[in-house]
1. More than 27 Å apart: what percent of Cα pairs in the stretch 39-166 qualify?
2. Per residue, how much accessible area does the chain show when a 1.4 Å probe rolls over the protein heavy atoms, in square angstrom?
3. What value does the stretch 175-273 have for Rg/Rh, both radii from Cα atoms and Rh as Kirkwood defines it?
4. Whole Å is fine, so just give me how far the alpha carbon centre of the stretch 269-316 lies from that of the stretch 41-102.
5. Two decimals, Cα atoms only, Kirkwood Rh: what is Rg/Rh over the stretch 179-228?
6. Residue by residue, what Karplus-based ³J(HN,Hα) values in Hz, rounded to whole numbers, does the stretch 186-195 have, using 6.51, -1.76 and 1.60 with θ = phi - 60° and x for Gly and Pro?
7. Just to be sure I understand the model, the point goes 7 Å from the Cα along the line to the Cβ. What's the resulting GLN285 to LYS100 distance in nm?
8. Packing-wise, with mean Cβ within 10 Å as the measure, how do 304-314, 284-294, 80-90 rank, highest first?
Amino acid sequence: MYTLGIDIGGTKIAGAVCDENDKILSQWRVPTPTDPEEINDCIIEIYNEALKLHSDIPTMGISAAGNVKADRRTISFSANIAKWIGYPLADRIEERTGGKCKVVVENDANCAGWGEYILGAGRGSRDMVMLTVGTGLGGAVIINGELYRGAFGMAAELGHLPMVSDGDFCGCGLRGCAERYTSGNALERFARAGIRRMPQKADRLLELCGGDVHALEGKMVSQAAQEGDELALYAFGKIGEWLGRTMSAIAAVIDPDLFVIGGGVVSVGDILLKPARYNYVRFLQAAAYREHARILPATAGGDAGMIGAADLALRNA
């Protein structure tokens, strides 16, 4: 049985036809519009192209950045698409296919986590948590081999764990959320703070951003850190510390055997993971008397969300 996986990203919509073994047979990419109906048009365009190569596609999984209701059909809210509030995405797409394709909608972090679980670093685990360190901090939780969604579909919003009382304001409207301290945005903020505090050590970062501290981007901090720059390493040390703290808080509730760390920021490897592992143990309750979860980088690659969406849809068919 063939399944179409769709991953709606900030800049592109990616689609792939997968077989029952999660192998990608064909794939497409188109730019992401901002209007929901135009997004639907893009999804149907990919679906129609897929039908030209594969005559029967009875199921479609859609990975979407937003809160997805427990029905796995409706987006309750999305920070990226303003009109995705109580939006019946599955209904709209099924209508456009003439009822020939059953659609399942999942949160994008859940899809990426599931893709990593079935194809990447999560293979062999039973209780896994994935944290995606990108612009923000995404999460996915697998318990006893099943993706955990919670009673209302809102589980695993791990980037919004309240880590600091009366801390920095988060885009979600709360204060002190984990993603304010461990994310690509946090990396840039810590690096800028380091430049202001220690300008005598900021030559490399200032060179990379053309002397404009406001133009400093995470990829510049990553480059400088890999070159051994002191301030860049300081910034990674800070988000690594908070990543470790966040994992220890999660472990107090879930006690997973594995944490998988994904997202663009993890490309620096142990520059991030070493302080994360150290601080995970440092803040872990009863650390001296319990087993510690493994902490590994993601390995499934950029197609994990697309494959995860397809596989989850197939399991729900």
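The values are calculated or read from the model by the stated rules, or taken from the named source; none is laboratory data. Since the structure is predicted, the reported quantities are computational estimates derived from the model, not experimental observations. In this analysis, Cβ positions are derived from the backbone assuming ideal geometry, glycine residues included, and neighbour counts consider all displayed protein chains. Side chains are part of the model used for accessible areas, which takes the heavy atoms of the whole protein and leaves out ligands, DNA and RNA. Shrake-Rupley method; radii C 1.70, N 1.55, O 1.52, S 1.80 Å.
1. Tail of the P(r) past 27 Å holds 26 percent of the pairs.
2. On the way: 14210 Å² over 317 residues.
In whole numbers, the chain has 45 Å² accessible per residue.
3. 1.02
4. Comparing the Cα centres of the stretch 269-316 and the stretch 41-102, I get a distance of 28 Å.
5. Values: Rg = 10.0 Å, Rh = 10.7 Å.
My calculation puts Rg/Rh at 0.93.
6. Residue by residue, the stretch 186-195 yields 5, 4, 5, 5, 5, 5, 4, 4, x, 4 Hz.
7. Simple spin-label model gives 5.4 nm for this pair.
8. Numbers: 304-314: 28.5, 284-294: 11.7, 80-90: 16.5.
Top of the packing list down: 304-314, 80-90, 284-294.
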